[in-house]
Amino acid sequence: GAFREEEGTGGDAAAPQPHAPTSAPGARLSRLPLARVKALELFVETIAKDAYCCAQQGKRKTLQRRDLGK
């Protein structure tokens, strides 16, 4: 599946994300610690690459749950 960012920089332009009223224009709805978000992105990327390698070793093109646990 495709990854869609919540801040509106990606995704489908035909279905805009609803915005809650804010006190200041451009204020974010939530603030996440960017260092943790980046660490999580790297973690998910590593897990996905490892799972893909496991699937390739089994001569498969589809990832399975067991590929994540190796």
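Bear in mind these aren't lab numbers, they're just calculated from the coordinates by the rules spelled out. Computed from a prediction, not measured in an experiment: that's the story for all the values here. Here Cβ is always computed from backbone atoms with ideal geometry, including for glycine, and neighbour counts include all displayed protein chains.
Some observations on this one:
- Ordering of 29-36, 45-52, 56-63 by burial proxy (mean other Cβ atoms within 10 Å per residue, highest first): 45-52, 56-63, 29-36
- For S30 and L68, a Förster radius of 25 Å and the Cβ-Cβ distance give a FRET efficiency of 0.35, rounded to the nearest 0.05.
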